[in-house]
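First up is the structure itself, then whatever we jot down about it.
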Amino acid sequence: MNTRTRFPGYPLFDTAELIHEQADLELYPDLQAALMALPQTHRDDFHIAQRFLVKYSDVSGTYNRFRSEIQRFLNYTWHIAKRHLSQADSDLLSSYFSFLKTPPTSWISRGIYPAFLDSNDLRHQNPDWRPMAQRSKDSSAPYSVTQASLNASRTALQTFFKYLMAQDYLQHNPLIDVRKRDRNAKPNLNKDVDAEVRRLTDWQWSYLLETLTQLASANPKFERNLFVIVTMKSLFLRVSELAPRPVDRGEIRTPSFSDFRRTIVDGEAYWIYSIFGKGDKTRQVTLPDAYLGYLKRWRLHLGLTSPLPVPGESTPILPSAKGDAIGKRQVQRIYEQSIVATAERMEQQGFGDEARQLLAIRTETHYLRHTGASQAIEAGGDIRHISEELGHANATFTESVYVNSEQARRRTEGRQRLV
């Protein structure tokens, strides 16, 4: 492929909040002009794809995944394959998946850019936008696509094609006849074949907890760091599950202390925490008894009247200086700040190698969720219960991600071999 050619396409669909305003294209002069230069069949493709995306505009995560895939697929279909949607067949899909594995550099941006920008009360196409993004901080690193990304592409297209068939826009699902090998990522010969749970070691976690406890005791501003890190790890939380997030058009759900609730089971009192999580699904996590002390400590720091939450308490769990709640990016910064502070202490105490290992994951917040789940399973917790508290669809998936007892046994036996 010629990697020096100019990117021939353009962004097609705006954010979930603005997708409804694209219906008449009055506010999108660049896009309107681009579409008018295309055949009517391509404009029909655009409008039916837009109607499909509108169906998912109230679920931001799903909408963003579908939007990313569909506008990439349409750009490929129109500008590379020189076809339109009603001509989609297995040959087109096979060539598309091959394209995803080795796209021209003109289709790849260094970083993530918005599709449209505001100018003079209009929405203009962003010239820096591309269908693919290189997320690596290493500017010399080659672009690569993971199997998980290809699977996500297939899922989005599968849903889209089912919609097109229901609308009589397609007569046949072109994905059905695509060979599995065509949908597989290129083999990475340097990749470790062992499954790896991206988690902290027990020593790293203990050191992190000890560092934050000491910092919070010396300086109250670190109380929030201590609470956030302990909560994410102990309750298996994603960053987004501690921050406000949209649940419907114009409506925001903010995690508050009313999400903590005391319940009685067989005469015993338990505390649970309700989470509005990934895929807009609600789940409940049981609070470990050892966690309650950290919850009380945080509430004391906030100056709340009761040691533990009371029903209907609307105070945000992580209030901001303005009185509302801190956002996802600030939670991410708290994690990074905590990791850096711990690494600095490691370095000071002569653990230089360990400090560098920790700094390498200072932006990867999912390590806390994975550490909590892994430790719970290793301590003998029922994997079915932990799977429910993680929000996984089934325990088989949880086991595939967090459990590898045969590998652990093999590594232990290997270390015990004599030279």
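The values are calculated or read from the model by the stated rules, or taken from the named source; none is laboratory data. Please read all numbers here as calculations on a predicted model, not as lab measurements. All Cβ positions, even for glycine, are placed from backbone atoms using ideal geometry, and neighbour counts span all protein chains on display. All accessible areas refer to the heavy atoms of the entire protein, side chains included, with ligands and DNA or RNA removed. Shrake-Rupley method; radii C 1.70, N 1.55, O 1.52, S 1.80 Å.
Cα centroid separation, the range 106-128 to the range 158-178: 30 Å. Rounded to whole numbers, the Karplus 3J(HN,Hα) couplings from phi for the range 8-18 are x, x, 5, x, 10, 10, 8, 5, 4, 5, 10 Hz, using 6.51 cos²θ - 1.76 cosθ + 1.60 with θ = phi - 60°, and x at Gly and Pro. Placing +1 on the Cβ of every Lys and Arg and -1 on the Cβ of every Asp and Glu, with no other charges, gives the range 230-341 a dipole of roughly 360 debye about its Cα centre. Report the Cα centroid-to-centroid distance between the range 200-216 and the range 291-353 in angstrom, as an integer. Using only Cα atoms to place each centre, the spacing works out to 14 Å. Protein heavy-atom accessible surface, 1.4 Å probe, per residue over the range 78-139: 52 Å².
What is the percent carbon and sulfur in the accessible area of the range 55-102, measuring with a 1.4 Å probe over the protein chains and ignoring ligands? Ligands and nucleic acids excluded, carbon and sulfur reach 41 percent. Using θ = phi - 60° in the Karplus curve 6.51 cos²θ - 1.76 cosθ + 1.60, the 3J(HN,Hα) couplings for the range 107-120 round to 9, 10, 9, 8, x, 10, 10, x, 6, 10, 10, 7, 7, 6 Hz; x is entered for Gly and Pro. Per residue, the accessible area of the range 298-392 comes to 54 Å², computed with a 1.4 Å probe over protein heavy atoms only. For Gln134, the residues 5 or more places off, or on other chains, whose built amide H falls under 5 Å of its own are Ser109, Arg110, Gly111.
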